[in-house]
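Undergrad: Just dropping this structure here.
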Amino acid sequence: MVIQPQSAMTIVDNETGYVKAMVGGRKVNGRMILNRAVATRQSGSSIKPLTVYAPALQKSFELEAEGNTFPLVDSEYGFQGDNLWGEYLTAASIIDDEPTTVNGKKWPVNSPNTFNGLIPMRNALQKSLNVCAVKIMQQVGTDYCFDLAEKFGLTTLVREGDVNDNNLAALALGGQSNGVTTLEMASAYTTFVNEGVHKSYNVYTKVTTRTGDIILEADTEETEVLDPGVAWIMRDMLQSVVTDGLGGPARVSGVKAGGKTGTTSDQFDIWYCGFTSKYSAAVWVGSDINIKLSSMSNKAAALWGKIMNQMPDVTGGTYSAKPSNVISVSIDTKSGMLATDASGKDSRTEYFTKGTQPTETDTLHQTANVCTESEFLATPSCPDYTEKNGILRPYTPNKRVADIKKELPHYFCNLHNPDPEVYKVKKGLEVTIVQPGELEEPDDDGGILNADGSISYPDGSIEFPDGTIMYPDGTITESDSDPIQDDPDEIIVS
Ligand SMILES: [Zn+2]
């Protein structure tokens with residue numbers, strides 16, 4: 001079967017809030033007047049910027065302004081709990097993208113069904129990670145997120161009743177009971193360009209009589225949704241979804257576009273909502289009755305890009321300058337703390353509203369001696385160990401996370417352990433008590449001890465007890481001397 005899906009789109013002028021274009025369906029003529037641009041459909045992840053990420057940053061901004069830190073909670077969904085988030089939820093806050101269990105169910109799943117491990121909030125948005133969205137909203141609280149969604153102008157969310165949207169599945173992942181419309185989603189996204197102010201949309205400017213008397217005039221209602229600094233950071237994060245994330249196909253020539261994809265469960269609907277400096281727009285593709293689409297949301301992003309690239313003056317307008325309360329800081333991308341030399345590649349610059357930035361340096365990147373036999377932390381009794389650079393979470397991570405290989409051992413060697421009270425061993429492992437020095441590493445270079453105390457090596461050289469070595473060709477080197485390296489202080493007269 002070749003699926004012939006329907007589609008709808010609304011384009012809004014950022015500055016005025018006026019609807020510039022609206023398409024209510026494909027091949028719509030005659031009496032087929034269903035306008036899908038104003039019909040509700042589940043949003044999928046395209047709602048995350050409005051209901052997860054913007055609320056997290058805005059709530060942090062408000063708490064900082066009040067002199068409070070973020071009241072983190074341990075949901076016990078996974079192993080992270082209230083660790084690694086930082087004092088505030090920011091674009092650098094670390095979320096452990098790990099298997100989670102919510103209300104007794106292994107939920108949610110990511111697409112694809114893998115777990116990234118430690119990831120900053122900005123990157124979680126770029127990859128549209130469901131686990132991270134749920135964990136963030138759980139910290140912010142669904143009521144706060146719902147309130148903000150309404151301030152963004154979304155009117156079709158269901159607040160109360162047996163089947164409502166005031167929950168994680170509806171708000172964080174976009175599985176609403178009714179859904180949202182392309183009109184309201186396009187209008188909502190203008191907020192990110194308009195310094196945090198949402199302007200109500202209008203489909204007309206004015207209605208006059210033949211003689212010019214005004215009967216009806218467009219009335220624009222303005223709502224302050226986000227602090228201008230928060231709006232600027234959100235705009236930057238959404239632009240990075242296009243440059244570095246899943247929004248790549250929505251590039252617009254000549255202007256830095258931003259936006260977010262969305263796919264509903266069973267792939268019934270795909271979305272892309274985004275903006276340029278001039279317009280915000282939302283496109284939906286799906287069927288009037290639920291049929292699984294053969295395309296993923298990248299096709300919606302591509303369609304959005306294709307249309308927007310043809311919009312007159314799409315590069316017009318100007319993005320507002322960075323507000324003075326936005327600062328940039330070099331962060332460690334594993335701990336979300338300030339980067340150090342040990343951060344290496346795990347560091348980059350991130351933006352914060354002033355006061356919400358990290359103030360302490362990274363503690364996760366560490367170096368440890370690891371027993372070569374047990375691969376646990378070496379004790380003084382381990383005969384052989386190697387130095388390993390890695391990360392050490394303040395809790396034992398889930399084995400399924402992608403960065404598990406970087407994690408240093410959390411427990412000491414059970415095979416060579418002088419005292420498990422001091423050197424803690426992983427529960428359930430049998431411990432062999434070994435005192436330090438009991439196991440000297442055997443000589444493994446093949447030397448044979450002679451009666452006079454000298455050692456004969458397989459290559460024919462002999463090492464004498466004073467350290468002097470005689471080679472098969474008769475040359476002799478004294479212990480600890482290096483015949484190649486000259487003493488830099490030696491004066492050579494030739
Ligand atoms: Zn050992």
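Undergrad: Give the number of residues within the range 75-103 that are more than 20 Å from PRO55 (Cβ to Cβ), part of a loop (DSSP other than H, G, I, E, B) and at pLDDT 95 or above.
TA: 6
Undergrad: So, one more: Please go through the range 154-187 and give me each residue that is of a type outside the set (D, E, K, R), within 23 Å of LYS135 (Cα to Cα) and in contact with a Phe, Trp or Tyr (Cβ under 8 Å, 6 or more places away or on another chain), ordered by number.
TA: Matches in the range 154-187: LEU157, ASN166, LEU171.
Undergrad: The conditions are (1) away from the ligand (no atom under 16 Å from the Cβ); (2) in contact with a strand residue (DSSP E or B) (Cβ under 6 Å, 6 or more places away or on another chain); (3) under 28 Å from GLY81 (Cβ atoms), and LEU408 fails exactly one of them. Which is it?
TA: (1)
Undergrad: A further question follows. Answer yes or no: is there a residue in the range 378-386 that is more than 9 Å from the ligand (Cβ to nearest atom), acidic (Asp, Glu) and surrounded by fewer than 19 Cβ atoms within 10 Å (Cβ to Cβ).
TA: no
Undergrad: Which of the residues belonging to the range 394-421 are buried (at least 19 other Cβ atoms within 10 Å of the Cβ), of a type in the set (S, T, N, Q) and in contact (Cβ under 8 Å) with a residue 40 or more places away in the chain?
TA: Of everything in the range 394-421, just one residue is buried (at least 19 other Cβ atoms within 10 Å of the Cβ), of a type in the set (S, T, N, Q) and in contact (Cβ under 8 Å) with a residue 40 or more places away in the chain, namely ASN414.
Undergrad: Assuming ASP266 fulfils every condition listed in (1) at pLDDT below 95; (2) of a type outside the set (Phe, Trp, Tyr); (3) on the phi < 0 side of the Ramachandran plot apart from one, which condition is it?
TA: (3)
Undergrad: Does THR367 count as within 30 Å of GLN435 (Cβ to Cβ), within 16 Å of the ligand (Cβ to nearest atom), of a type outside the set (D, E, K, R) and surrounded by fewer than 16 Cβ atoms within 10 Å (Cβ to Cβ)?
TA: no
Undergrad: Output the number of the condition that GLN310 fails; it satisfies all remaining conditions of (1) surrounded by fewer than 20 Cβ atoms within 10 Å (Cβ to Cβ); (2) within 16 Å of the ligand (Cβ to nearest atom); (3) more than 30 Å from GLU87 (Cβ to Cβ).
TA: So GLN310 meets the others, but not (2).
Here is a yes/no grid of residues against (1) modelled with pLDDT of 95 or more; (2) out of contact with any Lys or Arg (no Cβ under 9 Å at 6 or more places or on another chain); (3) not aliphatic (A, V, I, L, M):
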{"site": "ASP147", "(1), (2), (3)": "yes, yes, yes"}
{"site": "ALA172", "(1), (2), (3)": "yes, no, no"}
{"site": "GLU195", "(1), (2), (3)": "yes, yes, yes"}
{"site": "SER200", "(1), (2), (3)": "yes, yes, yes"}
{"site": "THR208", "(1), (2), (3)": "no, yes, yes"}
{"site": "ILE215", "(1), (2), (3)": "no, no, no"}
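Condition check ((1) on the phi > 0 side of the Ramachandran plot; (2) β-branched (Val, Ile, Thr); (3) modelled with pLDDT under 80) across all residues:
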site: GLY437; (1), (2), (3): yes, no, no
site: GLU440; (1), (2), (3): no, no, yes
site: ASP443; (1), (2), (3): no, no, yes
site: GLY447; (1), (2), (3): no, no, yes
site: SER454; (1), (2), (3): no, no, no
site: THR468; (1), (2), (3): no, yes, no
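Undergrad: Another question about this same structure. Which residue is nearest to GLY259 (Cα to Cα), if the candidates are limited to the range 290-307 and must be small (Gly, Ala, Ser) and surrounded by fewer than 21 Cβ atoms within 10 Å (Cβ to Cβ)?
TA: ALA302
The values are calculated or read from the model by the stated rules, or taken from the named source; none is laboratory data. For clarity, every value in this text was computed on a predicted model and none was experimentally measured. Heads up, the Cβs are rebuilt from the backbone with ideal geometry, glycines too, and the neighbour counts pull from every protein chain shown.
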